[in-house]
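> Below is one structure. I have some questions about it.
All of the numbers you see were taken from the coordinates with simple rules; none came from a lab. As the structure is a prediction and not an experimental result, all values here were calculated from the model. No Cβ is skipped: glycine too gets one built from the backbone with ideal geometry, and neighbour counts run over all protein chains shown.
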Amino acid sequence: MTIARADRPRRRTPAPVQASGAGRLSPQRRLRRRSRLTALAFVAPLIAYLAAFYVYPLYRNLDLSLRDYTVRSFVAGDAPFSGWDNVRKVLDDPTFAPALRHTMVFTFVSIAFQYVIGLGLAVFFNRHFRLSGVLRALFLIPWLLPLIVSASTWSWMFNSESGVVNYFLHFFGVDPVGWLTSPDWALTSVIIANIWIGIPFNLVILYSGLQNIPAELYEAAALDGANTWQVFRRITFPLLRPVSAITLLLGLVYTLKVFDLIWIMTKGGPGDSSSTLATWSYQLGFGTLLPKFGPGAAVGNLLILIALAFGLLHIRVQRRLEA
């Protein structure tokens, strides 16, 4: 006797089991994703700023140095590619060697005096005597003044006929000096002005570094009978070394590109006696009726490479000191 199929129990096909949370992010992942988007939103303006005001100008300057630009081709944008011809023109130019030498002298002499005087003032003000804060504020005035005001003031002071410097030299029986008109004194004049402008920066940075040195070290040195020079040589200067390195590097990068001070005071003259790579780059690109955009940009790229080389040297020295 056969059993009808209708009487047999039917097997039910199990419904597909959906993985729990499929297609959904866990709360931890959603939180991490939201944090990344928030961080990106905060960083995006900085990235846009760097791209617009650093990356693109560097790219345009590199493009200018690799093409034969004229006024017409600069407007039309069809300058032919010239490779390294502009760099060779700059290196073969008789102005290159004096401009490079003046740049190095201007930079290193300025930095040396700015650092030494700034360090001396920082140590002096670190004693916290009466009116210390007021005097520190007065020393910041050269740093706060617009550079065109400082340069114009020094131009008046160094004037050969009516300048106050020659006026005071006259009382000591010294003949008038052509500070801005003599090839022997023009570079010295702009260096003096730049030292005066840069001292407050060194003072502020080095003074902040001195504030981080524990006072207990000075108290222990006093108990051991160390004199002022020994305290400075064994405690202050070694512990101030990282801050000093940053101060010197920033001062070097800033001084390499100083243009407005020199241009207002001497315009790189008389002749080329105070011309630097910064002023020469401007003269090539904008100082004549027939500007040489390519060579001017090439000089600017040389300045960037010099600053980059010193920056990498600073990083290498810092790593050796920290090792």
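> Taking the Cα centre of the range 233-323 as origin and charging only Cβ (+1 Lys, Arg; -1 Asp, Glu), how large is the dipole, in debye to the nearest 20? Could you put the intermediate results ahead of the total?
Details: 9 positive and 3 negative charges, 98 e Å.
With only Lys, Arg, Asp and Glu charged at Cβ, the dipole is about 480 debye.
> Using Cβ contacts closer than 10 Å as the measure, can you line up Met104, Met157, Met265 from fewest to most? Before the final figure, lay out each step's value.
Details: Met104 14, Met157 18, Met265 23.
The order, fewest Cβ neighbours first, is Met104, Met157, Met265.
> So how do 51-60, 197-206 stack up, highest first, on mean other-Cβ count within 10 Å?
Ranking the peptides 51-60, 197-206 by packing returns 197-206, 51-60.
> Out of these labelled values of Rg/Rh (Cα atoms, Kirkwood Rh), (i) 0.96; (ii) 1.28; (iii) 1.20, which was calculated from the coordinates shown here?
Correct label is (ii).
> Can you compute the modelled spin-label distance between Tyr54 and Phe108, with each label point 7 Å from Cα toward Cβ, in nm?
That separation, rounded to one decimal, is 2.9 nm.
> Please identify, among Ala41, Ala226, Ala137, the residue showing maximal mean-square fluctuation in a Gaussian network model of the chain using a 10 angstrom Cα cutoff.
It is Ala41.
> Moving on to the next point. Given a cut-off of under 8 Å on Cα pairs at least six residues apart, what relative contact order in percent is computed for the chain? Each step should come with its number before you reach the end.
Numbers: 313 pairs, mean separation 80.8, N = 323.
Across the chain, relative contact order equals 25 percent.
> What dipole magnitude, in Debye to the nearest 20, does the range 46-131 give about its Cα centre under +1 on Lys/Arg Cβ and -1 on Asp/Glu Cβ?
Roughly 500 debye for the range 46-131.
> Separate question: So, in nm, how far is label Leu308 from label Asp63 when the simple model puts each one 7 Å beyond its Cα toward the Cβ?
About 1.8 nm, to one decimal.
> Placing unit charges on C-beta atoms (Lys and Arg positive, Asp and Glu negative, everything else neutral), compute the dipole magnitude of the chain about its Cα centre in debye, rounded to 20. Don't skip to the answer; put the middle values down first.
Details: 30 positive and 16 negative charges, 664 e Å.
That gives a dipole near 3200 debye.
> If one computes the Cα centroid of the range 84-141 and of the range 245-272, what distance in Å separates the two points?
Taking the Cα centre of each part, the range 84-141 and the range 245-272 sit 8 Å apart.
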